[in-house]
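A quick write-up on the structure given underneath.
The values are calculated or read from the model by the stated rules, or taken from the named source; none is laboratory data. The model shown is predicted, which means the values in this text are computed figures rather than measured ones. Positions of Cβ are backbone-derived with ideal geometry, glycine not excepted, and every protein chain shown enters the neighbour counts.
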């Protein structure tokens, strides 16, 4: 019986893995829906602008994103089917446990960069297919336009620790001058390719050492994006100070930590970051240099630099 299965798999690999995939996906219907339908999170006032960032605007958002991954990493549907069957779908706990293994006992200064470098494909899948970042900021856009008196296309934006840079890409599509910054590896190359494929040319800052934060131009940016960032750096105080210097007077800091260090315990959430982030000195610095703006209840990520 086993030999028959082996022969069948060799003769019809795509059919076999497709059937296995369909069987498995019945237990992960949220991922199937994610690929076939646009998520509710983007169906807001800015929906049409978000759709414009897609390469194929006629496809659902996540299906279009999956195509980007396939093209850049040169993998096909069969490869992805086998990958999902082995490690789970990107939005599942099984997949998260898989890619987080790279950080187990590897967060020391001399090991952390390599840990990230070892999982560019896995991490990209997670960032592209487990969620999107557009909806994190769309509720703040009208407020920033009104408060700044500027069009979004006139902003100078730094997306630091950008991941796949959904928010940076959105601002670039508005016409903003965008700088993206992240660890120097193939995941960052993928992010740059997202801009290039859309005819956009961001400035780039490649980080080659997790312990050395690049010097940023003084008083240049209207907005600095820091989504899921501060818990991943060893000295958030130093990085926050760099941001303060790089922001223009009355510039905005979009911090998805909300100025707090309240996150679950994961290997890549550095204990040094939490110690500093929960310190009196860090909190006092934040309050001294930033005003917290909440356009409406529940929107806690936007801060404005004090003049």
Given the conditions (1) assigned to a helix (DSSP H, G or I); (2) touching a strand residue (DSSP E or B) at 6+ places or on another chain (Cβ under 8 Å); (3) loosely packed, with under 15 Cβ neighbours inside 10 Å, and given that residue 244 satisfies all but one, which numbered condition is not satisfied?
(3)
Within segment 106-142, restricting to residues that are in a loop (DSSP other than H, G, I, E, B) and without any contact (Cβ under 8 Å) to a residue 40 or more places away in the chain, the one that is nearest to residue 225 (Cα to Cα) is 119
Can you spot a residue in segment 259-269 that is out of contact with any strand residue (DSSP E or B) (no Cβ under 7 Å at 6 or more places or on another chain), more than 26 Å from residue 97 (Cβ to Cβ) and surrounded by 15 or more Cβ atoms within 10 Å (Cβ to Cβ)?
no
If I filter segment 284-291 for residues that are free of Cβ contacts under 8 Å to residues at least 40 places away in the same chain, touching a helix residue (DSSP H, G or I) at 6+ places or on another chain (Cβ under 7 Å) and surrounded by 14 or more Cβ atoms within 10 Å (Cβ to Cβ), do I get at least one hit?
no
Residue under evaluation residue 91, criteria (1) within 27 Å of residue 206 (Cβ to Cβ); (2) not in a helix (DSSP H, G or I), criterion not met:
(1)
Does segment 179-191 hold any residues that are more than 17 Å from residue 67 (Cβ to Cβ), touching a strand residue (DSSP E or B) at 6+ places or on another chain (Cβ under 9 Å) and not in a loop (DSSP other than H, G, I, E, B), and which are they?
179, 180, 181, 182, 183, 188
Has segment 119-139 got any residue that is crowded, with 16+ Cβ neighbours inside 10 Å, more than 30 Å from residue 174 (Cα to Cα) and more than 18 Å from the chain's Cα centre (by Cα)?
no
Between 234, 194, which is in the same structural domain as residue 266 (by TED's automatic domain parsing) and not in a helix (DSSP H, G or I)?
234
Name, by its number, the condition in (1) under 30 Å from residue 64 (Cα atoms); (2) at pLDDT 95 or above that does not hold for residue 213.
(1)
Count of segment 52-79 residues which are out of contact with any helix residue (DSSP H, G or I) (no Cβ under 7 Å at 6 or more places or on another chain), in a helix (DSSP H, G or I) and crowded, with 17+ Cβ neighbours inside 10 Å:
1
